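Presented below is the structure to which this report refers.
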Amino acid sequence: MFPDKANGSIIEVDGKKYGCELLGQKYTDEAHMWGRIMNIDVSTYKDENGKRLMYAVPSNLSPASEEFEDLVAKRVQMLRKANPDMEETAIPAELVTCSGSGLDPHIFPAAAKYQMTRIAKANNMSEEKVRAIIEKCTDSRFLGVFGEKTVNVLKVNLMLDGIL
């Protein structure tokens, strides 16, 4: 009944798989939208051929810890440097914190719009075009009343790349 869901919600275009729309993907270049912080480990596990396997986990850091404070401060510095046009604008919290799973594929529209000018400049696009892409990738509230609107970061980036 829902073949895209039964197959892991994989985004596939012309036979090429680009990722799961339910799992975050790490982007750090200026031409793409950035999602939430991901704690990725590639040093712990290997497959049967010795190839390193990647996995992500929540940080489990206390918001009162120095390590958490340092992580947030570094992320704020990185975001301010990458988005100089937003100097006076408060940085949305999800751009400097991990999600509970460490794999959240969504951010709120305010976090997406915070990055809009940087993305437009890096892709030589108008902000209006980037805004339209963000709006196309924005999911409504569940049943129209539960939760908040969210933006799927992977879908935005695939649209920016002309894949979707």
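The values are calculated or read from the model by the stated rules, or taken from the named source; none is laboratory data. Here the structure is a predicted model, which means the values were calculated and not measured. So basically every Cβ, Gly included, is an ideal-geometry build from the backbone, and we count neighbours across all protein chains shown. Accessible surface areas use protein heavy atoms only, side chains included; no ligands, DNA or RNA. Shrake-Rupley method; radii C 1.70, N 1.55, O 1.52, S 1.80 Å.
How far apart, in nm, are two points set 7 Å out from the Cα along the Cα-to-Cβ line at D41 and at A73? That separation, rounded to one decimal, is 2.6 nm. Computed from backbone phi, the HN-Hα couplings of segment 73-89 come to 4, 5, 5, 4, 4, 5, 5, 5, 5, 6, 10, x, 5, 9, 3, 8, 8 Hz, rounded to whole numbers (Karplus: 6.51 cos²θ - 1.76 cosθ + 1.60, θ = phi - 60°; Gly and Pro given as x).
Rounded to the nearest 10 square angstrom, Y27 shows an accessible area of 50 square angstrom against a 1.4 Å probe. Taking a label point 7 Å from the Cα of S101 along the Cα→Cβ vector, which residues of segment 144-164 have an amide N closer than 18 Å to it? Counting backbone N atoms under 18 Å from the label point, the list is 147-156.
With a cut-off of 17 Å on the backbone N, the residues of segment 126-164 near the modelled label site 7 Å out from E12 along Cα-Cβ are 164. With the cut-off at 21 Å, tell me which of the pairs K46/K155; K26/K113; K81/K155 have Cα atoms farther apart than that. Violating the 21 Å Cα-Cα cut-off are K46/K155; K81/K155. Mean residue ellipticity, 222 nm, helices only, the chain: the sum of -39500 (n - 2.57) across DSSP H runs of n ≥ 4, divided by residue count and rounded to 500, is -9000 deg cm²/dmol. For the residues A82, A31, A73, a GNM of the chain with alpha-carbon springs under 10 Å puts the largest fluctuation on A73.
Where does the chain land on the Kirkwood hydrodynamic radius, alpha-carbon pairs, in angstrom? Numbers along the way, then the final one.
Numbers: mean 1/r = 0.0581 Å⁻¹.
Result for the chain stands at 17.2 Å.
Of all aspartates and glutamates in the structure, the ones whose alpha carbon falls short of 17 Å from that of K51, not counting any fewer than 8 places away in one chain, are D41. Each Lys and Arg adds +1 at its Cβ and each Asp and Glu adds -1 at its Cβ; summed about the Cα centre, the chain shows a dipole of about 280 debye.
The accessible area of S101, taken with all protein chains in place and a 1.4 Å probe, comes to roughly 60 Å².
Here the label points at A93 and N60, each 7 Å from Cα along the C-beta direction, are separated by 2.3 nm in the simple model.
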